[in-house]
Structures are given as C-alpha cells and as structure tokens.
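These notes are about the structure you will find just below.
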Amino acid sequence: MKIGTIGTGSITDWVMGQLLEYEQNEYAAIYSRKHETAQALAEKYHVDKIYTDLDEMLKDDEIDCIYVASPNSLHFEHAKKAMLANKNVIVEKPFCSNVKECEELIALCRKTTCFLFEAITTVYNPNYLAVKEKLKDIMPVRIVECNMSQYSRKYDAFLEGGKPNVFTPAFSGGALMDINVYNLHFVVGLFGMPQSVHYEANIKEGIDTSGVLSLNYENMVVSCVGSKDNIGVNFCQIQGEKGYIYVEGVSSMTKKAVVHLRNGEEYHLDLQKHDGAHYYYGGAMLKMIEEKDHESCYKMLEHSLQVMKVIDMAKKSAGIVFDADR
C-alpha cells in the first residue's frame, strides 16, 4: 500500500515509522504547504515526492492511501477530499470536530467504498482486547476510572499569550480532543454509549486545558480525567463485584494489565510484544484493506461515531464551542 501523508509533525514520523514495519507499505509522498518543512521527513524515509499542492498529490494515481495528520479542524476537509479522489484514508485522532462531520465522512466512505479509519491506538491493542474478554470475570462492573495527564510542551507558550493549535477553538483543540479522547475510546469500546455525560473542565480562552468527564451507565459510573496543564499517575481501573482490572499507564497503550479477583487470584495480561502504539492498528487496517473487509471497517467507524457523540455531549456540557461547530 503506497501512502501519502498530510502533515509533517512528530506524530507523522511516529506513525509512519511503525506502519513501514509492514513490508506491504511504502511511503510514497508528503504534502506540506512549504517544501522545506517536509524535507527532513522525506530524507529520513527516502520519499521522492513532496507536494505543496494537496489537490496535485490527490491526483497521483500511484498513491493508495492518505494519512491525515493535519490540525484537528482540518481532518474533515482533508479526509473528504481524499475519499472523493478515491483514496483510502487514515485520519489521526480525534476523528473530526463534531458528529455532523463524522456522519458525513462515514456516509461518503460507504458511497465511495473507500476504506476510512480513525488512527486510534487503544481499541486495537492486544492487551485491551484481552481486558474486554476478561470483563466477565469481574462482572458486574460498578466503577471505572481513567486518568491520562500529560503536561503539554506547548502549554507554556499558551500561558505566555501564544495560540498553539492544540489550545484554540479555531483548530478544535483542547484536552478533551487531544488526551481524554483516548480514555473515551477505552470506555466506549468496552461498554458502549453512556446514558448521560457531564464534563467539568478548566477553561482558558474558550478551550479546556484539563477536565473530568463523568459518564453514567445503568448501575455503573465512569470518571475520565484528561489533562494538558498538569501531570499525574496515568492508569485505568475497572472495578467489579467479583474483582478489578488495573491497567498501568496511559489508556492509549494498555501496556500492562492485571486482573485481581475477590477470591485472591491474580493474573497478568501481557500480549503486546511491540512497544509501538501505532503498530497494531496499522496491522488491523492493512488486513481489512487487503481482504476488502468493509464490514469490519464500518463497525470501527460506528465506534468512532459513538465516541464523537460523547465528545459533542461533553462539549455542550462544558460550554465549549469550536469554530467548526458554528
């Protein structure tokens, strides 16, 4: 699969480094508004084609798939353009700015029969899938906690009056979209849509720099903490009447999970032999494309839509409005 990328930031480097571990993949082209900003990435991965005109890259018949790693607010526009050019698309998280955009992209995916994926690491990780299977051992679940707190390297600039993309409503930024979205994929992937959503956020200049997201299910409550303005212990804990499951570290990785049963039994879930967060979803997506498995693709898109619905409810609860929502 020959891949063209939109965006030249560190995330593009991380993702492509792991996608290229699959010999079927080839890094074919880079789009950047300025040729020089793509040069280092092109040299590192021996990419011959650099485009400064996105439409020209999308006309390139040698490219099979577009990886979209542009600012959040541009995900919808770039993914739509790529599918209309008959390209498969991988969109960096968060998928879109709102439900309306998400639904339009999914409808276009079905119409064009292109493959469309959200590049979310959480739900493809082997340890996460094992946690999902082992929930039956601790059921019924009553409380879930997730904390993903990472002090942003761009937060200081924001405090000094700058407007980094990740801290502006214009670019659909904030802690909910950048950090807590991983926790949402973790929870919604295990338990589906909640009955109600409430978001208490620390808001500066119209954007959430951190916050606590509460999800209510029938007989179960969930707390998701996402922070870009402080640090803390990253973990997920699922508490049931028969025991609990503790996931060490961030929800995006599910690197190590331990099941503790009320009778004293304990066992570890350690199925991930690759350290890369993007390796496993890369393999899953490649398999769907090779096998023309559209139904599995649509299933994952429905999951992404559920997460986006929760995000929209959370934004409304906290009074957060993006430019894309207006």
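Details
- Test: residue in region 72-80 that is open to solvent by 20 Å² or more (accessible area, probe 1.4 Å), hydrophobic (A, V, I, L, M, F, W, C) and more than 19 Å from Glu302 (Cβ to Cβ): yes
Per-residue answers, yes or no, for (1) surrounded by 20 or more Cβ atoms within 10 Å (Cβ to Cβ); (2) within 19 Å of Val181 (Cα to Cα):
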position: Gly283; (1), (2): no, no
position: Tyr298; (1), (2): no, no
position: Gln306; (1), (2): no, yes
position: Lys316; (1), (2): no, yes
position: Ile320; (1), (2): yes, yes
position: Ala324; (1), (2): yes, yes
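- The listed residues are Leu41, Leu19, Leu58, and the only one of them that is aliphatic (A, V, I, L, M), in contact with an Asp or Glu (Cβ under 7 Å, 6 or more places away or on another chain) and over 24 Å from Arg326 (Cβ atoms) turns out to be Leu41.
- Scanning region 116-134 for residues that are open to solvent by less than 10 Å² (accessible area, probe 1.4 Å) and of a type in the set (A, V, I, L, M, F, W, C) turns up Leu116, Phe117, Ala119, Ile120, Val131.
- Test for Tyr182: is it of a type outside the set (A, V, I, L, M, F, W, C), within 28 Å of Asn216 (Cα to Cα), touching a strand residue (DSSP E or B) at 6+ places or on another chain (Cβ under 6 Å) and open to solvent by less than 10 Å² (accessible area, probe 1.4 Å): no
- Residue check, Lys93 closer than 30 Å to Val188 by Cβ and in contact with a Cys (Cβ under 9 Å, 6 or more places away or on another chain): no
- The number of residues in region 260-287 that are of a type outside the set (Gly, Ala, Ser), touching a Phe, Trp or Tyr at 6+ places or on another chain (Cβ under 7 Å) and within 10 Å of Tyr124 (Cα to Cα) comes to 4.
For (1) of a type in the set (Asp, Glu); (2) open to solvent by 20 Å² or more (accessible area, probe 1.4 Å); (3) not in a loop (DSSP other than H, G, I, E, B), each residue gets a yes or a no:
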position: Asn263; (1), (2), (3): no, yes, no
position: Leu286; (1), (2), (3): no, no, yes
position: Glu295; (1), (2), (3): yes, yes, yes
position: Leu301; (1), (2), (3): no, no, yes
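- The residues of region 81-104 that are under 19 Å from Ala175 (Cβ atoms) and not basic (Lys, Arg), listed by number, are Glu92, Pro94, Phe95, Cys96, Ser97, Asn98.
- Test: residue in region 246-261 that is open to solvent by less than 60 Å² (accessible area, probe 1.4 Å), more than 30 Å from Leu159 (Cβ to Cβ), part of a loop (DSSP other than H, G, I, E, B) and touching a Pro at 6+ places or on another chain (Cβ under 9 Å): yes
- Here Asp208, Asp229 are screened, and the one residue that is in contact with a helix residue (DSSP H, G or I) (Cβ under 7 Å, 6 or more places away or on another chain), part of a loop (DSSP other than H, G, I, E, B) and farther than 21 Å from Thr254 by Cβ is Asp229.
- Contact map, region 1-22: residues that are more than 14 Å from Asn88 (Cβ to Cβ) paired with residues that are hydroxyl-bearing (Ser, Thr, Tyr) and in a loop (DSSP other than H, G, I, E, B), Cβ distance under 7 Å, separation 6+ or inter-chain. Pairs shown: Gly7/Ser70; Thr8/Ser32.
- Subset of region 156-177 [surrounded by fewer than 22 Cβ atoms within 10 Å (Cβ to Cβ) and either part of a helix (DSSP H, G or I) or of a type in the set (A, V, I, L, M) (or both)]: Asp156, Ala157, Phe158, Leu159, Asn165, Pro169, Ala170
- Filtered by the rule that a residue be over 21 Å from Ala201 (Cβ atoms) and of a type in the set (S, T, N, Q), region 214-239 gives Asn219, Gln237, Gln239.
The values are calculated or read from the model by the stated rules, or taken from the named source; none is laboratory data. From a predicted model like this one, the values you see are computed outputs, not experimental measurements. When we count neighbours, we look across all protein chains shown, and the Cβ atoms used for this are built from the backbone with ideal geometry, even at glycine. Surface accessibility is based on the protein's heavy atoms, side chains included, excluding ligands, DNA and RNA. Shrake-Rupley method; radii C 1.70, N 1.55, O 1.52, S 1.80 Å.
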